[in-house]
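What follows is a single structure, written as structure tokens, with notes after it.
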Amino acid sequence: MCFHLRAVPPGELRDDVRSLERLFEDDWETVRERIGLRREEVLDQRYLDHELMYAGSPPDLAEDDPRAQVVLGGRAVFHSALGLPPFLLLTAAETAAVAAYLASADFAALWHRSRDELLPRYGGPDTEPQTRGAFAAAHRDLTEFYAHASACGEAVVKWVVL
């Protein structure tokens, strides 16, 4: 299970579940190519921990706050198959707002705010350098992904790929 974020032209933001599914049907080699081009980003199954780092615990932020849109924010398009997670859609304007937020975000402050809740999940204080490093790398990747999508005037579609 991975959480995928995919940059798309704004015209591809539709409520058509089948069209949205097709965005995530490619093989891993194609996905890796898109990641290298900053057209896609993937978080592992611990994506909820990244959500915590940016958005905090609900109801800390309004849904339209860019910090709340980095990971799990966006307009939900519910899947017709029972039990499958919804797609989350960010418009080009929302993508630009998230990119601006991430460009100015202080990772050290984000980490400090969430470290006490995150560290026990990753082995405690002894693992802080490695855990912090993994979150810092994901932060850089998300920042680059959103910056590229924003510069291209693109929207973002997100989905948990099982």
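The values are calculated or read from the model by the stated rules, or taken from the named source; none is laboratory data. All of these numbers come straight from a predicted model, not from anything done at the bench. Reconstructed Cβ throughout: ideal geometry from the backbone, glycine too, with neighbour counts over all protein chains shown. Protein only, heavy atoms only, side chains kept; ligands, DNA and RNA dropped before computing areas. Shrake-Rupley method; radii C 1.70, N 1.55, O 1.52, S 1.80 Å.
Some points to look at:
- With every protein chain in place, the chain: carbon and sulfur % of accessible area (1.4 Å): 55 percent
- The residues of the chain expose, per residue, 50 Å² of accessible area to a 1.4 Å probe.
- Dividing the convex hull volume of the alpha-carbon atoms in segment 1-74 by its residue count gives 113 Å³ per residue.
- In whole percents, the pair-distance distribution calculated for segment 110-162 from its alpha-carbon pairs, binned every 5 Å from zero, is 4, 17, 19, 17, 16, 15, 9, 3, 1.
- In plain terms, the bigger the Kirkwood radius, the slower the diffusion; for segment 1-125, with that radius from Cα pairs, at 20 °C and 1.002 mPa s, Stokes-Einstein puts D at 134 µm²/s.
- Largest first, the residues Thr95, Thr143 sort by 1.4 Å accessible area into Thr143, Thr95.
- The long axis of helix 107-118 is offset from the longest Cα principal axis of the chain by roughly 80 degrees.
- Tensor-based shape of segment 69-137 (alpha-carbon gyration tensor, a/c under 1.5 rounded, otherwise prolate or oblate): oblate
- When peptides 83-93, 150-160 are sorted by average Cβ neighbour count within 10 Å, with the highest value leading, the order is 150-160, 83-93.
- Per-peptide average of other Cβ atoms within 10 Å, ordering 18-25, 98-105 highest first: 98-105, 18-25
- Of Ser80, Ser114, the residue with the largest accessible area leads and the full order is Ser80, Ser114 (1.4 Å probe).
- A compact globular protein would have a Cα radius of gyration near 2.2 N^0.38 Å; the ratio found for segment 1-44 is 1.15.
- Comparing Asp26, Asp141, Asp64 in a Gaussian network model of the chain where C-alpha atoms under 10 Å apart are linked, the largest mean-square fluctuation is found at Asp26.
- Full-stretch length increase - Glu33, Arg140 - with 0.36 nm per residue and alpha-carbon distance subtracted: 36.7 nm
- Nearest-ten-degree value, helix 92-104 long axis tilted from longest Cα axis of the chain: 20 degrees
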